[in-house]
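Below you'll find the structure, written out as structure tokens, and then a few comments.
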Amino acid sequence: MIQFLAHDVPMPDFNRQRAVAWLRAIAADYGFSVSDLTYMFCSDEHILSVNRQFLNHDYYTDVITFDYSTVSSLAGDVFISLDTVRSNAEQYGCDFTDELHRIIVHALLHLTGQNDKQPADRQEMTRKENAALAKLL
């Protein structure tokens, strides 16, 4: 099951059924099924609280992913700050919904084992995000 919830922010306007089918297809591209994946849309303040409480990090971020996956099935809780998604969209000169989809798939890619800690890894992650986004269109 893939579900989208909102905490302390309005639910963003995007086609959730289409997103579910898309995420399942991207997971399959990497050899996974999806068992239980929850996306929680929230504010900057809430994601900062999650970051402090669970990761001992004292900074804002756009996404935090908690991975409960098994060898072949993806599962996790994903927190996405809509405030940061909005400011990223403005900074990069793109549509809010496009940036939201990028962050949604970014989290899924992390669950498949993709990393973005090093510059080369970040470039590869961006390439994989772009490939996934092209499949949404």
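No lab work stands behind these numbers, since they all come straight from the coordinates. Computed from a prediction, not measured in an experiment: that's the story for all the values here. As a convention, Cβ positions derive from the backbone with ideal geometry for all residues, glycine included, and neighbour counts pool all protein chains shown.
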Quiz prompt | Three semi-axes of the equivalent ellipsoid, the chain, Cα gyration tensor, whole Å, largest first | solution = 21, 17, 16
Quiz item: Where the centre of each part is set by its Cα atoms, how far does the stretch 66-137 sit from the stretch 36-62, in angstrom?
Solution: 15
Exercise. Would you be so kind as to identify which of ALA6, ALA120, ALA21 lies farthest towards the positive end of the dipole of the chain, taking Lys and Arg as +1 and Asp and Glu as -1 on Cβ and the Cα centre as origin?
Key: ALA21
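Around ASN51, what is the net charge, scoring Lys/Arg as +1 and Asp/Glu as -1 over all other residues with Cβ under 12 Å from its Cβ? All intermediate terms of the calculation are to be shown ahead of the outcome.
Details: positive: ARG52; negative: ASP44, GLU45, ASP58, ASP62.
Taking every other residue near ASN51 into account, the sum is -3.
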Quiz item: If you stretched the chain out fully between ASP67 and TYR30, how much longer would it get, using 0.36 nm times the residue separation minus the C-alpha to C-alpha distance?
Solution: 11.7 nm
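Show me the ranking of peptides 113-122, 58-67 by mean Cβ neighbours inside 10 Å, starting with the highest.
Values: 113-122: 11.4, 58-67: 15.2.
Ranked from most to least packed, the peptides come out as 58-67, 113-122.
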Self-check item: Among HIS57, HIS110, HIS46, residue whose mean-square fluctuation peaks in a GNM of the chain (springs only between Cα atoms under 10 Å)
Solution: HIS57
Quiz prompt | Cα→Cβ-extended label distance, 7 Å offset, between ASP8 and ARG127, nm | solution = 3.8
Practice problem: Give the long-range amide H neighbours of GLY76: residues separated by 5 or more places, or on another chain, with amide H under 5 Å away, using H modelled in the peptide plane at 1.01 Å from N. | Solution: ASP36, LEU37, THR38, TYR68
Quiz item: In the chain, what percentage of the DSSP-assigned beta bridges are antiparallel, given to the nearest 5?
Solution: 25
Practice problem: Round to the nearest 0.05 the FRET efficiency obtained for CYS94 and GLN53 when R0 = 25 Å and r is the Cβ-Cβ distance. | Solution: 0.20
Quiz prompt | Percent RCO, i.e. relative contact order, over the stretch 2-136, from Cα pairs under 8 Å lying at least 6 residues apart | solution = 23
